[in-house]
Amino acid sequence: MIDGVLVKQLKVNADERGYLVELLRSDDPIFQRFGQAYVSLNYPGVVRAWHYHKLQTDFLTCVRGMVKAVMYDDRVGSPTRGTVEEYFIGEHNRILVAIPPGVLHGYKTISDGPSLLVNFPTEPYNRAQPDEYRLPWDSPDVPYDWAIKFH
């Protein structure tokens with residue numbers, strides 16, 4: 001596992017009315033601090049990658065559809081430098097993933113319909129000086145192919 005990446009299994013509380021899932025609580029061991037919350041709608045097959053932050057930790061989950069979230073550790077001095085990890089997040093795998101500063105990450109919607117990704121970053125977005133550093137989704141600097149893999 002990439003150093004500093006944390007995963008929280010989400011519990012679905014279902015009854016005849018529907019269900020409720022707590023995504024992140026301030027008393028969770030995984031919680032750090034609240035910066036903001038946002039939701040992103042993504043169409044099937046769309047890849048949103050690569051980016052990293054120098055200051056913030058992202059707490060990602062998918063509440064509709066499915067995404068393949070991928071992380072790449074290119075941090076100098078990290079014990080897991082060069083490691084790539086995939087997480088399948090959404091309706092069939094209810095998890096929340098904490099992605100620490102410096103870890104490149106992105107995701108692809110793999111469901112038939114749109115996905116809704118929710119993020120709880122530890123810092124509010126600073127429009128004047130965004131803490132966001134990008135590489136193209138197909139960057140040769142990241143050893144990852146977004147194509148479907150058959151195992």
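Read-outs throughout are calculated quantities, based only on the coordinates presented, and are distinct from any laboratory measurement. Keep in mind the model is a prediction, meaning the values are calculated, not measured. All Cβ positions, even for glycine, are placed from backbone atoms using ideal geometry, and neighbour counts span all protein chains on display.
Selection of region 76-100 for residues being of a type in the set (D, E, K, R) and either closer than 14 Å to residue 6 by Cα or in contact (Cβ under 8 Å) with a residue 40 or more places away in the chain (or both) yields 85, 86, 94.
Of everything in region 10-36 that's touching a strand residue (DSSP E or B) at 6+ places or on another chain (Cβ under 6 Å) and without any contact (Cβ under 8 Å) to a residue 40 or more places away in the chain, which residue is nearest to residue 119 (Cα to Cα)? That would be 20.
Specify which of the listed residues (43, 19, 72, 38) is crowded, with 20+ Cβ neighbours inside 10 Å and hydroxyl-bearing (Ser, Thr, Tyr).
Within the list 43, 19, 72, 38, the selection yields 72.
Among the residues of region 84-98, those identified as β-branched (Val, Ile, Thr) and surrounded by 16 or more Cβ atoms within 10 Å (Cβ to Cβ) are 89, 95, 97. Please specify each residue of region 54-69 satisfying the condition of being among the aliphatic types (A, V, I, L, M) and surrounded by fewer than 17 Cβ atoms within 10 Å (Cβ to Cβ). If the condition is that a residue be among the aliphatic types (A, V, I, L, M) and surrounded by fewer than 17 Cβ atoms within 10 Å (Cβ to Cβ), then 55, 63 are the ones that fit.
The set of residues from region 100-118 being surrounded by 11 or more Cβ atoms within 10 Å (Cβ to Cβ) and either outside any loop (DSSP other than H, G, I, E, B) or among the acidic types (Asp, Glu) (or both) comprises 103, 104, 105, 106, 107, 108, 109, 115, 116, 117, 118.
Taking the conditions (1) in contact (Cβ under 8 Å) with a residue 60 or more places away in the chain; (2) surrounded by fewer than 19 Cβ atoms within 10 Å (Cβ to Cβ); (3) in a loop (DSSP other than H, G, I, E, B); (4) not β-branched (Val, Ile, Thr) in turn, residue 121 satisfies each one other than (2).
If you filter region 88-99 down to residues that are in a strand (DSSP E or B) and not aliphatic (A, V, I, L, M), you find that the one that is farthest from residue 41 (Cα to Cα) is 93. Filtered by the rule that a residue be more than 22 Å from residue 104 (Cβ to Cβ) and surrounded by 11 or more Cβ atoms within 10 Å (Cβ to Cβ), region 22-32 gives 22, 23, 24, 28, 31. Go through the residues of region 135-144 one by one and say whether even a single one is surrounded by fewer than 13 Cβ atoms within 10 Å (Cβ to Cβ) and either without any contact (Cβ under 8 Å) to a residue 12 or more places away in the chain or within 14 Å of the chain's Cα centre (by Cα) (or both). There is at least one residue in region 135-144 that is surrounded by fewer than 13 Cβ atoms within 10 Å (Cβ to Cβ) and either without any contact (Cβ under 8 Å) to a residue 12 or more places away in the chain or within 14 Å of the chain's Cα centre (by Cα) (or both).
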